[in-house]
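Rule-based calculations on the coordinates, nothing more; no lab input. The structure presented is a predicted model; accordingly, all values stated were derived computationally and were not measured. Cβ atoms come from the backbone with ideal geometry, glycine included; neighbour counts cover every protein chain shown.
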Amino acid sequence: MNYIFIDASSTEVVGQVGTAREFFPFQWNTERNLASRLTRLCDEMLERADLRISDISRFGLGTGPGSLTGLRVAAAFLRTLALATGSPLTPVDLFTWSAHTLASSDVTGSVRLTIPALLNQAFVVDLELPLEMPFVSLSPRLDLPGPAADGRPTYGIRSENRDVARVDPSPAILHDLMQTAAPTSYEALLKALPLYVVPSQAEINLEKRRSRAV
Amino acid sequence: MITLGIESSCDDTSVALVEDGIRVMSSLVSSQVEVHQRFGGVVPEVASRKHLEAMLPLLQQALGIAGVEFDAIDQIAVTAGPGLLGPLLVGLSTAKALAWRYRLPMIPVNHLEAHLAAAFLATHKHPRFPYVGLIVSGGHANLVLAEGPRAFTTLGRTADDAPGELFDKVARLLGLGYPGGPAIQKSGLIGDPKRYKLPRPMLGKGHGFSFSGLKTAVLHLHEQEGDQLSVPDVCASLQAAVADTLVSKASAALSETNAKRLVMAGGVAANKPLREAMAAMCERDGIEFLVPPPALCTDNAAMTAAQGFFSAASVDIDPLLVNARADWPMGTPFPL
């Protein structure tokens with residue numbers, strides 16, 4: 001089973017191509033220009049693994065959270081490839097990926113995972129490690145970026161500060177996740193979307209306008 | 001040759017399959033009007049999310065209606081601008097996936113050029129040049145001279161509001177709802193177009209337009225007349241003012257360029273009083289008048305596929321490197 005994975009949740013786009021025997025992680029600074037470079041990045045990955053696109057039987061989508069534009073560009077690209085080729089698409093969010101990475105380092109119990117967001121906020125999820133399932137349903141929220149008030153260990157995904165330890169999602173863990181059986185149905189493909197933090201800014205603004213009107 | 005068209009420049013997701021640029025095999029549009037009504041206008045972030053959700057089901061349905069599989073597609077035409085950047089990127093990335101996977105030619109299409117192509121698609125004939133093109137929609141008022149599939153000279157454009165935007169704002173003022181164009185046309189059906197004297201902005205002052213003064217004139221009228229204001233008469237008078245202005249400008253452009261053909265397109269080209277006034281001018285002056293049926297005036301991917309087919313030979317770059325561009329002017333190089 002050969003796969004291509006793309007995580008475009010930040011301008012440092014992460015890619016990975018893998019076969020049953022080996023995997024090759026990539027990272028590029030796309031300078032907010034992912035859409036025009038995406039096929040070239042995929043060509044680069046395939047060439048490194050000595051594969052052709054027709055050899056790919058699974059796609060992996062980094063669902064974030066993070067840069068909405070980047071996430072959508074990658075999602076539109078990979079969802080279409082999965083549909084056209086009848087291949088499964090495995091959605092991998094940064095929290096789940098990072099949680100498995102921590103668990104592989106023998107971290108257990110209650111933890112908080114955070115990702116920096118705009119306006120001195122962070123996307124936050126509280127989890128129990130190890131995860132019971134390879135993929136779990138998550139509802140990240142916006143919160144302050146610092147450590148958890150209840151004292152549980154807090155980890156910043158690809159980020160750190162004085163009070164928050166750093167965790168970098170591991171390519172080896174991603175490789176394991178990509179080997180996990182992914183749902184192949186059309187319905188499952190339609191559900192493979194960026195991990196949005198609800199409500200959106202537009203909805204927040206609308207609610208504020210309504211409140212003012214009342 | 002089958003061209004897959006993909007359009008996502010604003011709030012309509014659309015996919016179409018068109019044979020030889022002039023025969024529509026399938027054409028589907030997923031409108032987001034109801035989604036954006038609660039916001040009072042199109043929210044780009046919300047529109048982007050909806051495009052992503054709608055694209056694959058539309059693609060599946062369009063292929064099913066046309067009775068073909070992915071491997072039957074010969075080339076892909078996709079809107080690369082102008083429009084909202086987030087929504088454009090969803091369509092562009094979808095097109096690139098297919099073009100890259102199947103090694104298919106991909107033609108980046110200018111949305112305004114595609115609107116003009118809709119008029120030829122409707123007649124099942126390839127474009128004939130030169131012609132004067134008038135694109136009037138919610139975001140645009142452009143008057144151009146067309147001398148080739150991608151050879152456009154802009155003669156004039158609006159300095160402020162587009163006519164569709166004018167209709168939206170006036171409809172909101174009059175409590176007629178969104179989108180404004182159809183609501184104003186419906187109300188104006190029983191109105192007197194000569195009841196209120198509204199300005200015909202910038203007549204005799206070049207090829208440019210300005211519609212914000214008309215909006216202000218209706219606003220003043222609304223304040224002056226109060227409860228006595230006849231909404232149907234305002235709607236009829238406003239449409240007459242817009243039609244007079246556009247007809248006069250188009251007529252002047254035809255005279256100056258010696259073109260014998262006028263193509264009118266865009267969402268506002270569906271407006272019945274405008275269509276009738278423009279047709280009357282063209283008949284009087286011996287001008288061939290092409291305008292798409294109302295269903296092809298609003299955003300759709302069939303026109304994108306048609307323009308892609310007509311302009312395929314002009315692609316002189318690696319289209320997989322093309323980026324979306326919110327302000328891509330007609331007739332200018334592909335955005336990289």
(message) Just to be sure I understand: if I project the alpha-carbon convex hull of the range B:135-230 onto a plane and average over all orientations, what area do I get in nm²?
(response) 7.3 nm²
(request) Could you give me the percent of Cα pairs per 10 Å distance bin for the protein assembly as shown, shortest bin first, beginning at zero and ending with the bin that holds the maximum distance? (result) 4, 17, 24, 22, 16, 10, 5, 1, 0
(message) Taking the 0 to 90 degree range and rounding to the nearest ten, how far is the long axis of helix B:85-102 tilted relative to the main principal axis of chain B, both from C-alpha atoms?
(response) 30 degrees
(message) Quick check on my link table: of B:Lys186/B:Lys260; B:Lys215/B:Lys249; B:Lys194/B:Lys215; B:Lys197/B:Lys260; B:Lys50/B:Lys125; A:Lys208/B:Lys215, which ones sit more than 25 Å apart, alpha carbon to alpha carbon?
(response) B:Lys186/B:Lys260; B:Lys197/B:Lys260; B:Lys50/B:Lys125; A:Lys208/B:Lys215
(request) Between B:Ser248 and B:Asp192, with labels modelled 7 Å along Cα→Cβ, what's the label distance in nm to one decimal, could you check? (result) 2.3 nm
(request) Please order B:Arg195, B:Arg38 by the number of other Cβ within 10 Å, starting at the fewest. (result) B:Arg38, B:Arg195
(message) I need the shape label for the range B:1-134. Rule: rounded when a/c is under 1.5, else prolate if a/b > b/c, else oblate, with a, b, c from the alpha carbon gyration tensor.
(response) oblate
(request) Collect residues whose amide H, placed 1.01 Å from N in the peptide plane, falls under 5 Å from the amide H of A:Ile56; neighbours closer than 5 in sequence don't count. (result) none
(request) Give me the number: length gained by fully extending B:Leu336 to B:Ala72, i.e. 0.36 nm times residue separation minus the C-alpha to C-alpha distance, one decimal in nm. (result) 92.2 nm
(message) For peptide A:33-42, what's the mean number of Cβ atoms from other chains within 10 Å of each residue's Cβ?
(response) 6
(request) Quote the FRET efficiency, to the nearest 0.05, computed for B:Arg172 versus B:Met1 with a Förster distance R0 of 60 Å and r equal to the Cβ-Cβ distance. (result) 0.85
(request) Find the relative contact order for chain A and round it to a whole percent, using C-alpha pairs within less than 8 Å whose residues are 6+ positions apart. (result) 20 percent
(request) Calculate the dipole size of the range B:66-205 relative to its Cα centre from +1 charges on Lys and Arg beta carbons and -1 charges on Asp and Glu beta carbons; express the result in debye to the nearest 20. (result) 480 debye
(message) Can you compute the modelled spin-label distance between B:Asp318 and A:Glu128, with each label point 7 Å from Cα toward Cβ, in nm?
(response) 5.1 nm
(message) Based only on other Cβ atoms within 10 Å, what is the fewest-to-most ordering of A:Thr69, B:Thr332?
(response) B:Thr332, A:Thr69
(request) Give a residue-ordered list of calculated ³J(HN,Hα) values for the range B:260-272 (Karplus: 6.51 cos²θ - 1.76 cosθ + 1.60, θ = phi - 60°; whole Hz; x for Gly, Pro). (result) 10, 9, 10, 10, 10, 8, x, x, 6, 5, 6, 5, 5
(message) What are the ³J(HN,Hα) couplings of the range B:126-131, residue after residue, when phi is run through the Karplus curve with 6.51, -1.76, 1.60 and θ = phi - 60°? Round to Hz, x for glycine and proline.
(response) 6, x, 10, 10, x, 8
(request) Partner chain Cβ atoms within 10 Å, averaged over the residues of A:80-87 - can you pull that number for me? (result) 6
(request) Lys and Arg at +1, Asp and Glu at -1: add these up for the other residues within a Cβ distance under 13 Å of A:Thr85 and post the number. (result) +1
(request) Using packing as a proxy for protection, rank B:5-13, B:320-328, A:143-151 so that the peptide with the highest average count of other Cβ atoms within 10 Å comes first. (result) B:5-13, B:320-328, A:143-151
(message) For the ranges A:105-111, B:23-29, what's the packing order if you count other beta-carbon atoms within 10 Å of each residue, average per peptide, and put the highest first?
(response) B:23-29, A:105-111
(message) Taking each residue in A:184-190, count the Cβ atoms of any other chain within 10 Å of its Cβ, then average. What number comes out?
(response) 1
(request) Can you tell me the order of B:288-300, A:86-98 when each peptide is scored by its average per-residue count of other Cβ atoms within 10 angstrom, highest first? (result) A:86-98, B:288-300
(request) Give the angle, between 0 and 90 degrees and rounded to the nearest 10, that separates the Cα long axis of helix B:212-225 from the longest principal axis of the Cα atoms of chain B. (result) 40 degrees
(request) Lys and Arg at +1, Asp and Glu at -1: add these up for the other residues within a Cβ distance under 15 Å of A:Val167 and post the number. (result) -3
(request) Give the distance, in whole Å, between the Cα centre of the range B:269-326 and the Cα centre of the range B:1-78. (result) 17 Å
(message) Take A:Thr180 and B:Asp20, extend 7 Å from each Cα along the Cα→Cβ direction, and tell me the distance between the two endpoints in nm.
(response) 5.3 nm
(message) Test of understanding: in a Gaussian network model of chain A with alpha carbons linked when under 10 Å, which of A:Tyr155, A:Tyr186, A:Tyr196 would top the mean-square fluctuation ranking?
(response) A:Tyr186
(request) For chain A, return all DSSP H helices satisfying: extent of Cα atoms along own axis at least 15 Å; mean Kyte-Doolittle hydropathy at least 0.0. (result) A:68-85
(request) Report the FRET efficiency, 1/(1 + (r/R0)^6), for A:Ser54 and B:Gln61, where r is their Cβ-Cβ distance and R0 is 35 Å, rounded to 0.05. (result) 0.85
(message) With a cut-off of 8 Å between alpha carbons and a minimum separation of six or more residues, what is the relative contact order of the range B:205-315 in percent?
(response) 23 percent
(message) Springs between alpha-carbon pairs under 10 angstrom, Gaussian network model over chain B: which of B:His220, B:His51, B:His111 fluctuates most?
(response) B:His220
(message) Strictly greater than 22 Å: what percent of every Cα pair in the range A:98-174 meets that?
(response) 16 percent
(request) Give the calculated FRET efficiency between B:Asp227 and B:Lys260 to the nearest 0.05, with a Förster radius of 51 Å applied to their Cβ-Cβ distance. (result) 0.55
(request) Relative to the longest principal axis of the C-alpha atoms of chain B, give the angle of the C-alpha long axis of helix B:111-123, reported between 0 and 90° and rounded to the nearest 10°. (result) 90 degrees
